[in-house]
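Okay, so here's the structure we're looking at.
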């Protein structure tokens, strides 16, 4: 059921079993799953079905420290999209699960360790494959080679194993699930609805309701048994911190953790690699589209091999997680090469003097994990948006060990190429000569990001170390949950969306056990569709 | 520390190497130790072997003694031109990579042996 918030009367109260704030990958997944278990869902979306400049401007904020995207200096409103479907509206569709090591506490990565293991997520990852329109839940190189769909990657070896990335051909949740959401009798999708305050109950231990506003001035209330924030890693802390009328530090912030530990994926073009192989040998590193038969359903999925370092190497050398790809092959005599990578010919000539024929020059791209750093954080500033909400300031920081790990990973890649007689790598960043990278080195200016905003409401079994518990419930609030990458304790070197969806499925299953029975039953196919009921079905239970 | 610094360092070294007119630190000594033909600006740009060799010497000025440098190259005949013997260094270069004896020269991750060989060539050997 679709509601345009502009049409609501001022002061209206909308109710449901569960109120989900944000209709992106997490919110849509959660709403669908809850609706299928006969729970009513109020799904609040700030935007409409298309980009709206005024709504998108609500995302504007201030960056200090590292710019969020140093390459092009985009603002905080650029990496995210604030309309139905959320940031999946410009998602490129890369998916792979977090490796088991990423869930472990690693002594050399401060604040690492999830309160759940990879095995706890496996069944939900399998479900997320369907949600994301992917192939079978198998990311091993051996499996896909066995299918004849991917060749042996150039650098495959025990120390540098590869995994497969699956790219969905249907990444925009707002398109894929729009009709289902709108037609669902259990979901009330409210467009143009901006949550502006979480209102605590009289005893202060639960959320009583949510204040919601449109940009045109309509104010109304959302009330439910349970509330889920699914607004992304920057807006989740914003709303928690801004809801400070009863708890001055904000909701869920008893231990000063909300907004801290912000992480992005450090994504850097390390430089050119002169290789002895023809460009065709790099085919496994290029996403290639295949039509897969998944339980009788045809799905278009692209497959790509990416290089990881073996877990033993990561542990022994105390390296962060990483993902390496080889991309943009040039012939060594391509005239464009000197423009893209000036001086590449020097390395080619050095190799030629040894009788080594360079056949291809590629870009080595490294995506690297950063540590959860409490000083890397989101805070509120005095400036306010059109709704009167305080805007945010992002102070994204990398630590010295983050930089060092990135550099050592790239060194390792260069050594692997040389040791196997495949070629040489040039690192086009400073700080590499003395292994003592400093803020302001080339590295910081070469960093690109993944538009992945992670860790600002991190998960921990211990309320002193996390905002939410392993069930994603805010520790200090009885009925408030968080979905999305904000809850990730570490960021790995993975695209986060598959894990966001898997965690949303897991949360939906949990909520189905804790939220009382539903009031709306899906009508049989022949029955006339109900056009009302959801909004008034569920009185607030005094939460 | 900032953009000027980062742009400056490698670009400046490259400029020095290209012009054959190094003026800082150990590089000054390097230039004066070069044979006249190598220290004189070239009519055509020197090849990558020479450029990277010079850059290595800039970063490792204590290795600019040509005879000593050649003695550290396994299996080469000091009486023959190093450039002609580069291919014979393959096994030593592979050993270096396997053992992690790797050095960064103008960003290139090179085996120490090949970097020294390039330096020897740059010194006119």
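List the helices (runs of 4 or more DSSP H) inside the stretch A:51-163, counting only whole elements, that have at least 2 residues being surrounded by 18 or more Cβ atoms within 10 Å (Cβ to Cβ).
Per the criteria, A:100-103, A:118-131, A:141-146.
Which residues, taken from the stretch A:29-50, are farther than 23 Å from residue A:209 by Cβ, in contact with a helix residue (DSSP H, G or I) (Cβ under 6 Å, 6 or more places away or on another chain) and part of a helix (DSSP H, G or I)?
The answer is A:29, A:33.
From A:234, A:282, A:275, which residue is more than 30 Å from residue B:109 (Cα to Cα) and either at pLDDT 95 or above or in contact with a strand residue (DSSP E or B) (Cβ under 6 Å, 6 or more places away or on another chain) (or both)? Explain how you work it out, then say what you get.
Working: A:282 fails: more than 30 Å from residue B:109 (Cα to Cα); A:275 fails: more than 30 Å from residue B:109 (Cα to Cα).
Residue meeting the stated conditions: A:234.
Testing residue A:246 on (1) surrounded by fewer than 24 Cβ atoms within 10 Å (Cβ to Cβ); (2) modelled with pLDDT of 95 or more, one condition comes back false. Which one is that?
Going through the list (1) surrounded by fewer than 24 Cβ atoms within 10 Å (Cβ to Cβ); (2) modelled with pLDDT of 95 or more, residue A:246 breaks only (2).
One line per residue, one yes/no per condition, for (1) out of contact with any helix residue (DSSP H, G or I) (no Cβ under 7 Å at 6 or more places or on another chain); (2) at pLDDT below 90; (3) more than 8 Å from chain A (Cβ to nearest Cβ):
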| residue | (1), (2), (3) |
| --- | --- |
| B:46 | yes, yes, yes |
| B:56 | no, no, yes |
| B:78 | no, yes, yes |
| B:94 | no, no, no |
| B:112 | no, no, yes |
| B:118 | no, no, no |
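Let me confirm something: among A:194, A:205, which residue is surrounded by 17 or more Cβ atoms within 10 Å (Cβ to Cβ) and more than 30 Å from residue A:368 (Cβ to Cβ)?
On the way: A:205 fails: surrounded by 17 or more Cβ atoms within 10 Å (Cβ to Cβ).
Just one listed residue meets the conditions, A:194.
Output the residue which, of all residues in the stretch B:96-110 that are touching a helix residue (DSSP H, G or I) at 6+ places or on another chain (Cβ under 8 Å) and in a helix (DSSP H, G or I), is farthest from the other protein chains (Cβ to nearest Cβ).
If we take residues in the stretch B:96-110 being touching a helix residue (DSSP H, G or I) at 6+ places or on another chain (Cβ under 8 Å) and in a helix (DSSP H, G or I), then B:96 is farthest from the other protein chains (Cβ to nearest Cβ).
Take the conditions assigned to a loop (DSSP other than H, G, I, E, B) and outside the structural domain of residue A:319 (by TED's automatic domain parsing) and apply them to residue A:477. Does it pass?
Spelling it out, residue A:477 is indeed assigned to a loop (DSSP other than H, G, I, E, B) and outside the structural domain of residue A:319 (by TED's automatic domain parsing).
State the number of residues belonging to the stretch B:107-124 that are surrounded by 24 or more Cβ atoms within 10 Å (Cβ to Cβ) and on the phi > 0 side of the Ramachandran plot.
Of the residues in that region, 1 qualify.
Which number in (1) within 30 Å of residue A:135 (Cβ to Cβ); (2) over 22 Å from the mean Cα position of the chain (by Cα) marks the one condition that residue A:232 misses?
Unmet condition: (2).
Can residue A:318 be described as under 16 Å from residue A:155 (Cα atoms), more than 14 Å from every other protein chain (Cβ to nearest Cβ) and touching a residue at least 12 places away in the same chain (Cβ under 8 Å)? Reasoning before the result, please.
Details: under 16 Å from residue A:155 (Cα atoms): no; more than 14 Å from every other protein chain (Cβ to nearest Cβ): yes; touching a residue at least 12 places away in the same chain (Cβ under 8 Å): yes.
No, not satisfied.
Only residues that are within 20 Å of residue A:63 (Cα to Cα) and either assigned by TED's automatic domain parsing to the domain that holds residue A:486 or not in a strand (DSSP E or B) (or both): list them for the stretch A:364-389, please.
Listed by number, the residues that qualify are A:370, A:371, A:372, A:373, A:374, A:375, A:376, A:385, A:386, A:388, A:389.
I'd like the full set of residues that are out of contact with any helix residue (DSSP H, G or I) (no Cβ under 9 Å at 6 or more places or on another chain) and either without any contact (Cβ under 8 Å) to a residue 12 or more places away in the chain or on the phi > 0 side of the Ramachandran plot (or both), limited to the stretch A:184-208.
Across the stretch A:184-208, the qualifying residues are A:202, A:203, A:204.
From the list A:348, A:362, A:306, A:357, which residue is surrounded by 14 or more Cβ atoms within 10 Å (Cβ to Cβ) and within 14 Å of chain B (Cβ to nearest Cβ)?
Result: A:348 is the single residue among A:348, A:362, A:306, A:357 that is surrounded by 14 or more Cβ atoms within 10 Å (Cβ to Cβ) and within 14 Å of chain B (Cβ to nearest Cβ).
Which condition breaks for residue A:179 when tested against (1) farther than 30 Å from residue A:258 by Cα; (2) assigned to a loop (DSSP other than H, G, I, E, B); (3) without any contact (Cβ under 8 Å) to a residue 60 or more places away in the chain?
All conditions pass for residue A:179, except number (2).
State which residue is nearest to the other protein chains (Cβ to nearest Cβ) when the search covers only the stretch A:403-445 and only residues that are modelled with pLDDT under 90, more than 16 Å from residue A:364 (Cα to Cα) and part of a helix (DSSP H, G or I).
A:442
Identify the single condition in (1) within 13 Å of chain A (Cβ to nearest Cβ); (2) modelled with pLDDT under 90; (3) not in a helix (DSSP H, G or I) that residue B:41 does not satisfy, given that it satisfies every other one.
It fails just one condition, (1).
The values are calculated or read from the model by the stated rules, or taken from the named source; none is laboratory data. Given the structure is predicted, the values throughout are model-derived calculations rather than measurements. Glycine also receives a Cβ, built like all others from the backbone with ideal geometry; neighbour counts cover every protein chain displayed.
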